[in-house]
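Here the structure comes first, spelled out in structure tokens, and everything after it is commentary.
The values are calculated or read from the model by the stated rules, or taken from the named source; none is laboratory data. As the structure is a computational prediction, the values presented were derived from the model and not from experiment. Methodologically, a virtual Cβ is constructed for each residue, glycine included, from the backbone with ideal geometry; neighbour enumeration extends over all protein chains shown.
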Amino acid sequence: MTAGEPTTPRTLVLTGASRGIGHATVQYFAARGWHVVTCSRTDVPPECRRDPNWSHHISADLSDPASTQNFITAAIAALGERPLHALVNNAGVSPKTAYKERLGSLNGDLQDWRRVFELNFFAPLRLARGFAAALHRGRGSIVNVTSIAGHAVHPFAGSAYSTSKAALSALTREMAVEFAELGVRVNAVAPGEIETEMVGPEYEPLIPRIPLHRMGTTDEVASVIYRLCSSDFGYVTGSEIFVTGGQHLT
């Protein structure tokens, strides 16, 4: 627990919890005494379900507006009148075409673009609206997980993914101003190359472009998200923190 943080349990809602950055972030918060409500399209590992602080996991497909609303309704029912202290919009998708190509400007179905934007952009907006009252009660914080690909062309991220993350970066700034009226801070983290199960050997050539000469870990992203939700960062809103090992500078 950070010095100055409340001793009563605080509550986090996080999307995309079953693996990668989302899974690490849940574990990071839960280890520090936070109660956690999550969603993902798949279930979480059984050993994690035994964590007493991981209080609710709700299966939902956030690319479907109706499923997103069902998650919001179920999560608010689980919260009751208790405040919400953090919403982390982590769920995202970077699809390939049927030919395993990046989903770009000249290939792929536009309906696939719409699905990318529904999950990567509209779902965070829907969730922020849906949890606004609970966040207001908790004087809480929203953290949107964007990407280095939203700021520069990336060899493994298609145009649909990159532009959706760029839009989420812009939305973060706009939300920061509007949600400040509710006493809610809104920030973003933009990860670079992070070691997850989705990273393969093709990423190795990118390492020389990273000033710290290595990929990041999911815990390193989770720790930044956690700090943004703490009172240590109580005067920080509308910011986007690059967790890239300096890659965004090259």
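A few points about this structure:
- Test: residue in segment 166-181 that is farther than 20 Å from Phe131 by Cα and of a type in the set (Asp, Glu): no
- Qualifying residue in segment 8-23 (condition: within 18 Å of Ser141 (Cβ to Cβ), surrounded by fewer than 18 Cβ atoms within 10 Å (Cβ to Cβ) and at pLDDT below 90): yes
- Residue count for segment 205-236, restricted to those that are of a type in the set (Asp, Glu) and either surrounded by fewer than 15 Cβ atoms within 10 Å (Cβ to Cβ) or in contact (Cβ under 8 Å) with a residue 40 or more places away in the chain (or both): 2.
- In segment 153-204, the residue that is farthest from Ser105 (Cα to Cα) out of those that are surrounded by 15 or more Cβ atoms within 10 Å (Cβ to Cβ), in contact (Cβ under 8 Å) with a residue 60 or more places away in the chain and out of contact with any helix residue (DSSP H, G or I) (no Cβ under 8 Å at 6 or more places or on another chain) is Ala176.
- Selection status of Leu84, farther than 27 Å from Gly192 by Cβ and modelled with pLDDT of 90 or more: yes
- Selection status of Val93, part of a strand (DSSP E or B), under 24 Å from Ala170 (Cβ atoms) and in contact (Cβ under 8 Å) with a residue 60 or more places away in the chain: no
- Some residue of segment 125-148 being of a type outside the set (S, T, N, Q), surrounded by 21 or more Cβ atoms within 10 Å (Cβ to Cβ) and on the phi > 0 side of the Ramachandran plot: no
- Residue within segment 52-65 that is of a type in the set (Asp, Glu) and modelled with pLDDT of 85 or more present: yes
- Boolean, Ser169 is at pLDDT below 95 and closer than 30 Å to Arg102 by Cβ: no
- If you filter segment 180-226 down to residues that are of a type in the set (D, E, K, R) and assigned to a helix (DSSP H, G or I), you find that the one that is nearest to Gly140 (Cα to Cα) is Glu181.
- Scanning segment 241-250 for residues that are surrounded by 20 or more Cβ atoms within 10 Å (Cβ to Cβ) and either in a helix (DSSP H, G or I) or at negative phi (or both) returns Val243, Thr244, Gln247.
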